[in-house]
1. Normalising by the residue count of the stretch 54-142, find the relative contact order in percent from Cα pairs under 8 Å and 6+ residues apart.
2. Under Stokes-Einstein, with the Kirkwood radius over Cα pairs standing in for Rh, what whole-number D in µm²/s applies to the stretch 54-142 at 37 °C and 0.692 mPa s?
3. Can you tell me which of 107-120, 161-174 comes out highest on packing, and rank the rest after it, using the mean Cβ neighbours within 10 Å?
């Protein structure tokens, strides 16, 4: 699906905010209107899972301790879920890996077992505990946003929602009397969108770590 471009969205936003009849003087608002649109797309990207950007990747978690030097093509900032198969290829048993490694968790990390936790390190991961064998991992992630700075650049996610958020923010910025109407419309649309995704589950930024304790790995 081809979404509208930044130039097209900015022109409609300019019209809806009442600057369409300003002629060449309306160009004064070009930069801030484009900023509303870019900011709206960025916020929406992090608030929901977008089917057109959702991918699943497979990788091998090698045995041994320390950092695992993967160089994945994924956007490391937008991992939704990571799983590890502690069974076999014929009889898989997928378990979730929890993000975040605290210093005290290294106390048990030397005992070999299956992967339990991961921490992002640049373009790779550090995984604990020490692995007793190779494991297959699976990751659900979002592709990154495409460039959205030139007039010809198309929106990466639903341009209707991007436009509505930019319009609501623009109305509030310019103190239009109907700003609350558009803010309410945006809230309703986002509520419906999130309600369809994992029962209102929302992506949590990487600094929102799981607080469950590290399970004791199997002893080999």
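A short reminder: the numbers here are calculations on the coordinates, not readings from a lab. Since this is a predicted model, take the numbers as computed values, not measurements. Backbone-built Cβ (ideal geometry, glycine too); neighbour counts: all protein chains shown.
1. 48 percent
2. Estimated diffusion coefficient is 249 µm²/s.
3. For the peptides 107-120, 161-174, the packing ranking is 161-174, 107-120.
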